[in-house]
Amino acid sequence: MKRFWQNLTVMNKSTLIVLVSIFLMAFGNRAFFSNITEAYPLTLDNAAFVISLAVVFGAALIVILSLVCYRHTTKPVLITILMLSSFAAYFMDSYNTVIDTDMLRNVAQTNVSEASDLMSGRLAMYVILLGILPSLFVYRVQLTTGTVRRDILSTVKLASISLGVGVLIVVVFSNFYASFIREHKILRYYANPSFYLVSTFKFASNAIESSSLPFTMIAADAQAAPVKRPRELIIMVVGETTRADRFSLNGYERETNPELAKDNVISFSDFWSCGTSTASSVPCMFSVYGQSDFDQKKAGSTENALDILARTGVNVLWLDNNSDSKGVADRVTYRDFKTPENNPDCNDGECRDTGMLADLQQYIDAHPKGDILIVLHQMGNHGPAYYKRYPKAFEKYTPVCQTNQLEDCSKEAINNAYDNATLYTDFFLSKVIDELRRNTAEFETGMFYLSDHGESLGEFDVYLHGLPMFIAPEAQRHVPAIMWFSDNFSGVNEEALRASKDRTMSQDWVFHTLLGLFDVRADVYKPNLDILNVPGAAKQDL
């Protein structure tokens with residue numbers, strides 16, 4: 001037995017790469033083949049094509065690995081791939097998500113608290129069975145080595161044969177692959193680890209390029225609001241993971257907005273996000289670039305709406321109970337409320353959004369001149385542990401899913417937990433409005449609430465968010481947007497604004513609406529993208 005094990009664990013680099021590739025295709029790609037067989041049911045003809053896909057993607061993986069594994073780097077590279085692929089397999093299998101550049105950006109910007117919500121026993125099993133155990137095998141293997149020339153020739157031979165096999169199969173099944181490439185682009189995104197390796201390369205390239213870009217000031221001609229008009233105090237609440245169709249203000253059958261309904265807010269029912277993750281939506285909504293022109297490199301190196309407002313004299317404050325501002329608040333006053341040291345409303349490891357309201361009045365009183373914009377970045381409905389996002393007193397709908405393993409819960413339990421979290425957001429927003437009402441003697445006050453993106457709750461077996469925009473379901477893109485103004489807020493005809501609440505709008509409008517709210521005018525300002533600029537409702541030009 002000992003000699004058999006020794007013979008089994010003595011091999012050359014090429015053999016080890018092939019074995020690891022076969023292992024990953026066979027055991028790390030359940031989501032890939034599950035989605036493939038939905039598009040290509042296993043008839044006799046389709047079965048041969050599905051098998052060919054396994055060979056083609058396996059061959060592509062062998063080519064990639066053969067090019068990055070060289071002598072002493074072989075084991076570290078393969079072990080790293082195995083470990084990362086075990087995590088990727090878990091998230092794709094459990095939530096039917098994909099690991100693209102936006103998802104990698106989310107991972108890079110996730111804090112410990114958010115990451116802990118994703119930990120589970122099932123994840124541990126994936127990591128052990130698909131990551132640790134095969135990695136131990138790779139570690140124990142004794143690699144035979146030859147001369148440098150022989151190793152290079154071996155690498156070239158392996159890559160060439162694998163590439164040739166892949167090309168030959170594509171030619172043989174050309175009709176199938178023509179359809180696969182043309183009509184089922186998204187299916188390739190589930191290939192593990194091929195797609196996330198490509199995404200990692202793109203993410204790293206973009207990060208390096210972004211770091212070298214000069215910072216660009218826009219709206220150099222921006223003019224501040226006239227000093228004679230009343231001061232304004234606006235609180236913008238950037239929500240997290242809420243869906244427009246789960247707000248009773250928009251017609252949802254459950255009463256998830258009882259407090260906001262009393263406050264007589266304006267709910268815009270046809271509002272759409274410019275991304276499906278916080279890392280993309282938050283920078284996009286404050287950027288001058290609309291969804292069609294937006295990219296992280298440009299946004300990170302260009303002034304946003306907050307920069308322009310601060311430069312024209314508005315006192316800007318960002319309070320964060322989420323991961324961070326994704327670069328938006330890098331040049332304005334920023335306060336972190338994710339820890340008990342800063343947030344007075346923390347218990348059981350969860351810091352509540354209401355904690356951000358504790359010292360707001362002190363900040364307001366400390367700024368006796370100029371308009372004020374306060375941005376509150378919520379934890380909101382952040383999943384998958386929706387049951388953690390609200391105090392027990394808000395558990396109106398039961399039973400609730402009390403695990404981050406959403407696929408183990410009934411649809412009813414998931415929906416109940418999610419709706420309870422929405423109830424708590426309703427309560428939080430009503431408290432924001434109360435705060436604003438207390439300041440109407442000194443200010444014209446208003447609230448603008450907008451979620452960053454939506455959430456899939458098991459529709460089509462998809463959970464959470466972050467799918468590429470071109471295939472993301474409506475649930476991840478259709479978001480709630482709400483405005484409230486004090487009775488003394490001049491220049492806005494609320495009746496006309498309410499009449500326009502069902503028109504189609506998107507986060508492309510946020511940049512221009514913020515400038516419009518504070519009467520800041522510049523060449524970059526587009527009146528047609530200002531929510532307030534509707535016939536009969538627009539603020540008067542001053």
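A few remarks follow.
- Meets criteria (touching a residue at least 12 places away in the same chain (Cβ under 8 Å), assigned to a helix (DSSP H, G or I), closer than 30 Å to PHE489 by Cα and not hydroxyl-bearing (Ser, Thr, Tyr)) for ILE414: no
- The residue pairs whose first member lies in segment 255-282 and is over 12 Å from ILE433 (Cβ atoms) and acidic (Asp, Glu), whose second member is at pLDDT 95 or above and in a strand (DSSP E or B), and whose beta carbons are closer than 9 Å, counting only pairs six or more residues apart or on different chains, are ASP270/HIS478; ASP270/MET505.
- Within segment 470-515, tally of residues that are outside any loop (DSSP other than H, G, I, E, B) and either at pLDDT 95 or above or of a type in the set (A, V, I, L, M, F, W, C) (or both): 26
- Test: residue in segment 155-175 that is of a type in the set (D, E, K, R) and touching a Ser or Thr at 6+ places or on another chain (Cβ under 9 Å): yes
- Residue among LEU467, LEU532 that alone is in a loop (DSSP other than H, G, I, E, B) and in contact with a Gly (Cβ under 6 Å, 6 or more places away or on another chain): LEU532
- Those residues of segment 411-433 which are in contact with a Pro (Cβ under 8 Å, 6 or more places away or on another chain) and farther than 19 Å from LEU357 by Cα, in sequence order: GLU412, ALA413, ASN416
- The condition of being of a type in the set (A, V, I, L, M), assigned by TED's automatic domain parsing to the domain that holds ALA47, more than 30 Å from ALA441 (Cα to Cα) and part of a loop (DSSP other than H, G, I, E, B) holds for only one of ALA204, ALA220, ALA191, ALA178, that being ALA191.
- Positions within segment 327-336 being more than 12 Å from VAL375 (Cβ to Cβ) and either of a type outside the set (Asp, Glu) or touching an Asp or Glu at 6+ places or on another chain (Cβ under 8 Å) (or both), in sequence order: GLY327, ARG331, ASP336
- Single residue of TYR252, TYR196 found to be in a loop (DSSP other than H, G, I, E, B) and either without any contact (Cβ under 8 Å) to a residue 40 or more places away in the chain or in the same structural domain as LEU61 (by TED's automatic domain parsing) (or both): TYR252
- Residue ID - surrounded by the fewest Cβ atoms within 10 Å (Cβ to Cβ), chosen from residues in segment 176-205 that are touching a Ser or Thr at 6+ places or on another chain (Cβ under 9 Å) and more than 22 Å from ALA31 (Cα to Cα): LYS202
The values are calculated or read from the model by the stated rules, or taken from the named source; none is laboratory data. Please read all numbers here as calculations on a predicted model, not as lab measurements. Cβ atoms come from the backbone with ideal geometry, glycine included; neighbour counts cover every protein chain shown.
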